[in-house]
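Data first, discussion second: the structure below is written as C-alpha cells.
The values are calculated or read from the model by the stated rules, or taken from the named source; none is laboratory data. Note that this is a predicted model, so its numbers are computed, not measured. So basically every Cβ, Gly included, is an ideal-geometry build from the backbone, and we count neighbours across all protein chains shown. Remember, those area values only see protein heavy atoms, side chains included, never the ligands or the DNA or RNA. Shrake-Rupley method; radii C 1.70, N 1.55, O 1.52, S 1.80 Å.
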Amino acid sequence: MNVFNQKMKLAAKCILLTLFLVCFTGIAQHKKAKFKVIAFYTGKNDQAHISFVHEANKWFPKIAEENHFEYDSTSNWDNLNAKFLANYQVVLFLDTRPETPAQREAFQKHMENGGGFIGFHFSAFALNDSSYPQNWDWYHNTFLGSGEYGSNTWRPTSAVLRVENQDPITKNIPKTFKSQPNEWYRWSNDLTKNPDIKILLAIDESSFPLGTGPKAHEIWHSGYYPVVWTNKKYKMMYVNMGHNDIDYEGKTNKTLSYTFENETQNKVILNALLLFGTKKGK
C-alpha cells in the first residue's frame with residue numbers, strides 16, 4: 001500500500017510539474033510579443049481597396065501570431081492621437097490617409113519620435129481637384145517624397161519587380177520576382193533625385209508593356225517606376241501594392257486576385273514590420 005501511495009504521489013507531482021511547465025511556456029510565449037501594430041483604414045470607396053482592406057485584416061493577424069507581435073485595426077481615424085498611438089510601435093495606412101489637422105499632427109509627431117510606418121497603395125494618393133487634394137506638404141513631399149499622383153496602369157496586372165538597393169527589408173529577396181496583379185502608380189516627383197529616399201523595388205524593364213488599357217495612356221511601354229521605398233530619416237516604407245483585381249466588367253465585383261498570395265512580396269512587408277517594430281530610435 002505504501003508503495004502504491006508513493007507512486008500516486010509521484011504521478012501527482014509529475015502532473016503538477018507538467019501543468020506548471022505548460023503554463024510557464026504559455027506565459028513565456030505571450031511575453032514574446034515583440035511589438036504592437038495598429039492599422040488605420042476607411043474601406044468605403046473603391047471595391048478594389050475595400051477588398052484589399054478585408055484581405056489585410058485577415059492576413060496580418062495570422063502573421064502576427066506566427067511572429068509574436070500584436071495586430072489591431074480601426075476605421076476610426078480620430079484614434080490617430082498621441083494617447084492612442086503610445087500603445088503601438090508601428091502604424092499602417094491600408095487605404096487612405098488622415099484628413100484633420102489634429103490627426104495629421106499626431107501622426108507626424110509619432111514618426112518624428114521614432115515610430116514605425118507602412119503605407120499601402122492609395123494611402124499616398126494626392127491629386128488637386130480631387131477628393132484627396134495635395135494639401136499636406138510634409139506627408140506627400142517630405143515624408144513620402146512622391147508628391148502628387150501622376151497616372152496609373154490599367155487594368156491590374158502583375159509586374160516583374162527588381163531589387164534596387166540592398167537593405168534589411170530586402171534581405172533574402174531575389175533580384176527579380178513576379179508581383180501580384182496591381183494598379184501601378186506614377187508620381188510627380190522624381191524619387192531618384194531625393195537624397196532622403198532609398199528605393200527598394202522598381203518595375204523591371206521586362207514588364208513592359210505593362211497594363212492592358214483600353215486607354216493608351218494606361219499602358220506603360222518604358223520608364224523608371226519605383227514601387228517600394230523608404231525615407232532614411234524615418235522608420236517607414238511605402239508599398240505601391242494594395243489594389244486587388246475586381247470583376248467590374250462582369251458587374252459582379254468579385255475579387256479576381258489577392259495581394260497577399262505572394263510569398264516573396266509578403267516577405268518584404270514582414271521584414272519591414274519586424275525591423276520597424278523592434279529597432280530602437282529612427
Complete set of residues in the range 184-193 that are open to solvent by 20 Å² or more (accessible area, probe 1.4 Å) and part of a loop (DSSP other than H, G, I, E, B): 188, 189, 190
Residue in the range 46-69 that is at pLDDT 95 or above, of a type outside the set (D, E, K, R) and outside any helix (DSSP H, G or I) present: yes
Residues within the range 126-153 that are of a type outside the set (S, T, N, Q) and in contact with a His (Cβ under 9 Å, 6 or more places away or on another chain), tallied: 3
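Okay, residues lined up against (1) touching a strand residue (DSSP E or B) at 6+ places or on another chain (Cβ under 7 Å); (2) over 17 Å from residue 124 (Cβ atoms):
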position: 146; (1), (2): yes, no
position: 150; (1), (2): yes, no
position: 157; (1), (2): yes, yes
position: 162; (1), (2): yes, yes
position: 171; (1), (2): no, yes
position: 175; (1), (2): yes, yes
position: 178; (1), (2): yes, yes
position: 182; (1), (2): no, no
position: 187; (1), (2): yes, no
Any hit, the range 172-183, residues being on the phi > 0 side of the Ramachandran plot, among the polar types (S, T, N, Q) and touching a residue at least 40 places away in the same chain (Cβ under 8 Å): yes
Single residue of the range 34-57 satisfying the filter (open to solvent by less than 40 Å² (accessible area, probe 1.4 Å) and of a type in the set (Phe, Trp, Tyr)) that is farthest from the chain's Cα centre (by Cα): 35
Residue within the range 87-99 that is under 19 Å from the mean Cα position of the chain (by Cα), open to solvent by less than 50 Å² (accessible area, probe 1.4 Å) and among the acidic types (Asp, Glu) present: yes
Qualifying residue in the range 101-121 (condition: part of a loop (DSSP other than H, G, I, E, B), free of Cβ contacts under 8 Å to residues at least 24 places away in the same chain and closer than 24 Å to residue 52 by Cα): no
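Yes/no per residue for (1) surrounded by fewer than 15 Cβ atoms within 10 Å (Cβ to Cβ); (2) touching a residue at least 60 places away in the same chain (Cβ under 8 Å); (3) within 19 Å of residue 93 (Cβ to Cβ):
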position: 196; (1), (2), (3): yes, no, no
position: 201; (1), (2), (3): no, yes, yes
position: 253; (1), (2), (3): yes, yes, no
position: 267; (1), (2), (3): no, yes, no
position: 272; (1), (2), (3): no, yes, yes
Number of positions in the range 203-231 that are surrounded by fewer than 19 Cβ atoms within 10 Å (Cβ to Cβ) and in contact with a Pro (Cβ under 8 Å, 6 or more places away or on another chain): 2
Identity of the residue in the range 136-173, assigned to a helix (DSSP H, G or I) and either open to solvent by 20 Å² or more (accessible area, probe 1.4 Å) or of a type in the set (A, V, I, L, M, F, W, C) (or both), that ends up farthest from residue 99 (Cα to Cα): 168
